[in-house]
1. Picking from Glu111, Glu127, Glu139, which residue would you name as being of a type in the set (D, E, K, R) and farther than 23 Å from Ala183 by Cα?
2. Looking at Val197, Val160, Val178, Val143, can you tell me which residue is within 16 Å of the ligand (Cβ to nearest atom) and either within 17 Å of Val87 (Cα to Cα) or among the basic types (Lys, Arg) (or both)?
3. List the number of the failed condition for Gly25; all other conditions in (1) within 15 Å of the ligand (Cβ to nearest atom); (2) open to solvent by 10 Å² or more (accessible area, probe 1.4 Å); (3) under 15 Å from the mean Cα position of the chain (by Cα) hold.
4. Which of the residues belonging to the stretch 71-98 are open to solvent by 70 Å² or more (accessible area, probe 1.4 Å) and either within 16 Å of the ligand (Cβ to nearest atom) or part of a strand (DSSP E or B) (or both)?
5. Suppose we keep only residues that are charged (D, E, K, R) and closer than 25 Å to Ala203 by Cβ within the stretch 125-143. Which one would you say is modelled with the highest pLDDT?
6. Looking at the stretch 47-66, which of the residues that are more than 12 Å from the ligand (Cβ to nearest atom) and not in a loop (DSSP other than H, G, I, E, B) is surrounded by the fewest Cβ atoms within 10 Å (Cβ to Cβ)?
7. Name the pairs whose Cβ atoms lie under 8 Å apart, with the first residue in the stretch 58-70 and farther than 7 Å from Gly47 by Cα, the second surrounded by fewer than 16 Cβ atoms within 10 Å (Cβ to Cβ) and charged (D, E, K, R), and 6 or more positions between them or separate chains?
8. Out of Ala206, Ala186, Ala196, I need the residue that is closer than 20 Å to Gly39 by Cα, hydrophobic (A, V, I, L, M, F, W, C), in contact with a strand residue (DSSP E or B) (Cβ under 9 Å, 6 or more places away or on another chain) and modelled with pLDDT of 95 or more. Which one?
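The values are calculated or read from the model by the stated rules, or taken from the named source; none is laboratory data. In this text, all values refer to a predicted model and were calculated from it rather than measured experimentally. In this analysis, Cβ positions are derived from the backbone assuming ideal geometry, glycine residues included, and neighbour counts consider all displayed protein chains. Quick note on the areas: whole protein, heavy atoms, side chains included, nothing else; ligands and nucleic acids left out. Shrake-Rupley method; radii C 1.70, N 1.55, O 1.52, S 1.80 Å.
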Amino acid sequence: RVIVTSGPTHEPIDPVRYIANRSSGAQGTAIAKALVAQGAEVVFITGPAEVDSPQGVECVNVQTAQDMLEATKSALPADAAVFAAAVADWRVASASDRKLKKSRDGLPLLEFAENPDILHHVSTLAEERPSLVIGFAAETDDVLANATAKRARKGCDWIVANDVSPATGIMGGSENAVMLIDAEGAESWQRMPKDAVAERLAARIATFLNAKES
Ligand code: CTP
């Protein structure tokens, strides 16, 4: 049983506006599909993504980071968890329950609050921590150093790191060039379609879990 989070989150400003990011959900969706092909039971927890959710998974649709955390907690226990979602780090501290109006409200001043860190929460669970917790690191500079530090800070087992600088065309594109970082070090995978990255990662997850079982 594997939990996969995917897509962006939407953090409301008022009933008609939100803060989001450019994640399409393509990589997380491809990973869920590849895990199903490996025979996993997949709980797919997704924010409002551009791509359709995969077939054959238990799909939980969420909007905000807080919803995603609750859905993740409800999906435990699991053997592995893959956190591919681009979770918004901040939410508007007090979202308005009515539409902000230019005429009435003038220029809005938004105050932010920090969202819960779902990956860190699951990585540091005393009970019900999945045997394999995998995070993503979307970086624009010093990818290896930042991602290695992120693995330690988050407490996860593996980090899939990628360079999301606009010049790479990875965010929102169909290809990805990742580094897989574990306790032993880093391994660079050549640039390939997101489906191929997903298949290779799913195969590694299956190998890890099968080795653990036998
Ligand atoms: N993540 C999460 N919950 C959050 C933020 C991030 O679960 N509130 C997960 C993502 O799904 C990803 C990993 O943490 O697997 C790294 O996300 P990233 O946005 O790169 O890291 P940040 O925590 O935002 O760190 P920084 O701001 O230093 O880049």
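1. Details: Glu127 fails: farther than 23 Å from Ala183 by Cα; Glu139 fails: farther than 23 Å from Ala183 by Cα.
Exactly one of Glu111, Glu127, Glu139 is of a type in the set (D, E, K, R) and farther than 23 Å from Ala183 by Cα, namely Glu111.
2. Working: Val197 fails: either within 17 Å of Val87 (Cα to Cα) or among the basic types (Lys, Arg) (or both); Val178 fails: either within 17 Å of Val87 (Cα to Cα) or among the basic types (Lys, Arg) (or both); Val143 fails: either within 17 Å of Val87 (Cα to Cα) or among the basic types (Lys, Arg) (or both).
Answer to the selection: Val160.
3. Among (1) within 15 Å of the ligand (Cβ to nearest atom); (2) open to solvent by 10 Å² or more (accessible area, probe 1.4 Å); (3) under 15 Å from the mean Cα position of the chain (by Cα), the lone unmet condition for Gly25 is (2).
4. Lys73, Ser74, Asp89, Trp90
5. So in the stretch 125-143, the residues charged (D, E, K, R) come out as 127-129, 139, 141-142.
Those left that are additionally closer than 25 Å to Ala203 by Cβ: 129, 139.
Numbers: Arg129: 98, Glu139: 92.
Here the answer is Arg129.
6. Glu58
7. Close Cβ pairs satisfying both conditions: Glu58/Glu41.
8. Working: Ala206 fails: in contact with a strand residue (DSSP E or B) (Cβ under 9 Å, 6 or more places away or on another chain); Ala186 fails: closer than 20 Å to Gly39 by Cα.
One residue alone meets the criteria, Ala196.
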